[in-house]
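In what follows, a structure is listed as structure tokens, so that the remarks can point back to it.
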Amino acid sequence: MQLAMEQKYSQEELEKRFQDKIDNDIKIEPNDWMPDAYRKTLVRQISQHAHSEIVGMLPEGNWITRAPNLRRKAVLLAKVQDEAGHGLYLYSAVETLGADREETIDDLHSGKAKYSSIFNYPTLTWADMGAVGWLVDGAAIMNQVPLCRCSYGPYARAMVRVCKEESFHQRQGYEIIAKLAQGTPEQKEMAQDALNRFWWPSLMMFGPNDDDSPNSALSIKWKIKRFSNDELRQQFIDVTVPQAELIGLTVPDKDLKFNEETGHYEHGPINWDEFWEVVKGNGPCNEDRINTRRSAKENGEWVRAAANAFAEKRKMRVAV
Amino acid sequence: MSKNDWPLWEVFIRSKQGLNHKHVGSLRAADAEMAIENARDVYTRRSEGISIWVIESNNVYASDPSDMDSLFEPSQTKVYRHPTFYVVPDGISHM
Ligand SMILES: [Fe+2]
Ligand SMILES: [Fe+2]
């Protein structure tokens with residue numbers, strides 16, 4: 001279908017028609033003509049996003065069997081199951097762009113594809129389940145809400161579903177951390193320690209500063225992105241700091257202060273060296289996460305083969 | 001596609017009695033039965049549906065976006081197909 005359009009119009013006309021649609025907020029659908037760079041950008045972004053949902057199940061999966069009671073366990077299970085669903089919606093969205101799902105997943109396993117660096121940090125205590133839901137899902141929601149209006153139809157529709165499901169994720173996390181913060185001194189310390197460890201990596205989730213984010217301008221022109229990394233990060237800080245204060249926890253940033261004039265919080269410097277180290281694969285859990293995903297695929301191979309054999313057999317029976 | 005890859009299925013959900021099945025997304029499954037079970041897990045975790053259709057994506061035929069003008073343009077010029085085309089004298093109601 002791309003071909004039919006290319007026979008009908010010149011490259012220049014195609015690009016103009018494409019950008020006109022975007023400027024008029026008309027969604028791009030899978031069979032529509034699109035520039036190669038737009039397709040490539042989306043394949044990279046959506047597959048990274050899918051990988052993040054899937055790898056993101058691991059830090060929380062670590063605590064399912066050790067949840068402090070049945071209610072917390074049921075909630076955490078439901079939350080982690082949602083993340084698997086998010087991964088699936090997103091892998092399906094990548095497939096609409098012509099990417100091969102197995103190759104996409106193999107790229108994750110070979111280390112070629114990236115995922116959100118936040119999931120390379122360990123979850124050491126139960127309080128981390130609180131910090132992850134509150135901060136990590138909170139930051140993810142900040143990123144994902146504008147993506148519901150992304151110019152690529154299948155990605156935008158997947159994000160609408162994801163955002164609907166995310167809203168309970170953040171609340172259950174905040175509930176955990178708030179409960180601990182109101183508990184014994186030891187429990188409060190656990191909550192504070194989780195905030196200390198997850199605060200800065202959560203700010204890094206929004207990606208490098210705008211000056212160091214060269215692809216952003218194009219993504220904004222194509223309406224894949226609606227806000228810059230720094231804008232989203234600021235928004236996150238502004239809503240999250242009062243949430244910490246309300247439950248008596250301290251954000252671990254000695255330079256943090258509210259600017260009355262701008263109405264925004266000002267924060268201290270982010271350790272970008274740490275960010276790039278983790279992106280490069282040198283975070284505390286990078287190796288462990290990828291090994292876990294790899295062995296999940298390898299150990300599941302016989303299940304996929306058996307399902308196919310069973311489907312084949314059933315087809316034969318129907319044929320007879 | 002390696003030997004153990006599963007085919008792609010399109011999923012349609014009826015959200016409640018009296019409404020159409022509507023396309024909600026796709027998934028991979030070895031056969032139709034598994035596709036329905038997976039669709040139940042993936043697309044109806046919050047009572048979004050009471051009925052599921054699945055169809056192998058290979059069996060979907062789609063119109064070509066480059067034919068959009070010739071396919072759909074004629075209906076745009078036939079304004080007399082809409083009630084607003086007609087002048088109804090003042091004082092007439094229930095029409
Ligand atoms: Fe998610
Ligand atoms: Fe989530």
In the range A:127-149, which residue that is open to solvent by 30 Å² or more (accessible area, probe 1.4 Å) and within 28 Å of residue A:273 (Cα to Cα) is farthest from the chain's Cα centre (by Cα)? A:142
Right, residue A:27: touching a Cys at 6+ places or on another chain (Cβ under 9 Å) and either more than 22 Å from residue A:297 (Cα to Cα) or away from chain B (no Cβ under 14 Å) (or both) or not? yes
Report the residue count in the range B:46-95 for those that are of a type in the set (S, T, N, Q), open to solvent by 70 Å² or more (accessible area, probe 1.4 Å) and farther than 30 Å from residue A:6 by Cβ. 3
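Residue-by-condition table, conditions (1) charged (D, E, K, R); (2) more than 12 Å from ligand 2 (Cβ to nearest atom):
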{"position": "A:53", "(1), (2)": "yes, no"}
{"position": "A:74", "(1), (2)": "no, yes"}
{"position": "A:83", "(1), (2)": "yes, no"}
{"position": "A:107", "(1), (2)": "yes, yes"}
For the range A:106-133: of the residues being assigned to a helix (DSSP H, G or I) and within 14 Å of ligand 1 (Cβ to nearest atom), which is farthest from the other protein chains (Cβ to nearest Cβ)? A:118
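Which of the following residues is more than 14 Å from chain B (Cβ to nearest Cβ) and either modelled with pLDDT under 95 or open to solvent by 60 Å² or more (accessible area, probe 1.4 Å) (or both): A:12, A:6?
Numbers: A:6 fails: more than 14 Å from chain B (Cβ to nearest Cβ).
Residue meeting the stated conditions: A:12.
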Residues in the range A:87-101: is at least one touching a residue at least 12 places away in the same chain (Cβ under 8 Å) and basic (Lys, Arg)? no
Taking the options A:44, A:17, A:101, name whichever one is touching a Leu at 6+ places or on another chain (Cβ under 9 Å), of a type in the set (Lys, Arg), over 30 Å from residue A:179 (Cβ atoms) and surrounded by fewer than 21 Cβ atoms within 10 Å (Cβ to Cβ). A:101
If you scan the range B:8-25, which residues turn out to be open to solvent by 60 Å² or more (accessible area, probe 1.4 Å) and outside any loop (DSSP other than H, G, I, E, B)? B:14, B:22, B:23
Out of (1) within 14 Å of chain B (Cβ to nearest Cβ); (2) within 16 Å of ligand 2 (Cβ to nearest atom), what's the single condition that is false for residue A:103? (2)
Are any of the residues in the range A:290-304 buried (at least 16 other Cβ atoms within 10 Å of the Cβ) and away from chain B (no Cβ under 14 Å)? yes
Check whether at least one residue in the range A:169-190 is assigned to a helix (DSSP H, G or I), within 14 Å of ligand 2 (Cβ to nearest atom) and within 14 Å of chain B (Cβ to nearest Cβ), and report yes or no. yes
Given the criterion buried (at least 16 other Cβ atoms within 10 Å of the Cβ) and of a type in the set (Lys, Arg), identify the matching residue among B:28, B:40. B:28
Kindly indicate whether any position in the range A:226-245 is free of Cβ contacts under 8 Å to residues at least 12 places away in the same chain, within 14 Å of another protein chain (Cβ to nearest Cβ) and either in a helix (DSSP H, G or I) or more than 16 Å from ligand 2 (Cβ to nearest atom) (or both). no
Out of (1) within 15 Å of ligand 1 (Cβ to nearest atom); (2) open to solvent by less than 10 Å² (accessible area, probe 1.4 Å); (3) hydroxyl-bearing (Ser, Thr, Tyr), what's the single condition that is false for residue A:152? (1)
Can you tell me which residues in the range A:63-92 are away from every other protein chain (no Cβ under 14 Å), more than 15 Å from ligand 1 (Cβ to nearest atom) and either in a helix (DSSP H, G or I) or of a type in the set (Gly, Ala, Ser) (or both)? A:64, A:65, A:66, A:67, A:70, A:71, A:72, A:73
Counting only residues that are part of a loop (DSSP other than H, G, I, E, B), closer than 22 Å to residue A:156 by Cα and of a type outside the set (Lys, Arg), how many does the range A:2-45 have? 10
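The values are calculated or read from the model by the stated rules, or taken from the named source; none is laboratory data. The model shown is predicted, which means the values in this text are computed figures rather than measured ones. Positions of Cβ are generated from backbone atoms using ideal geometry, with glycine treated the same way; all protein chains shown enter the neighbour counts. Surface accessibility is based on the protein's heavy atoms, side chains included, excluding ligands, DNA and RNA. Shrake-Rupley method; radii C 1.70, N 1.55, O 1.52, S 1.80 Å.
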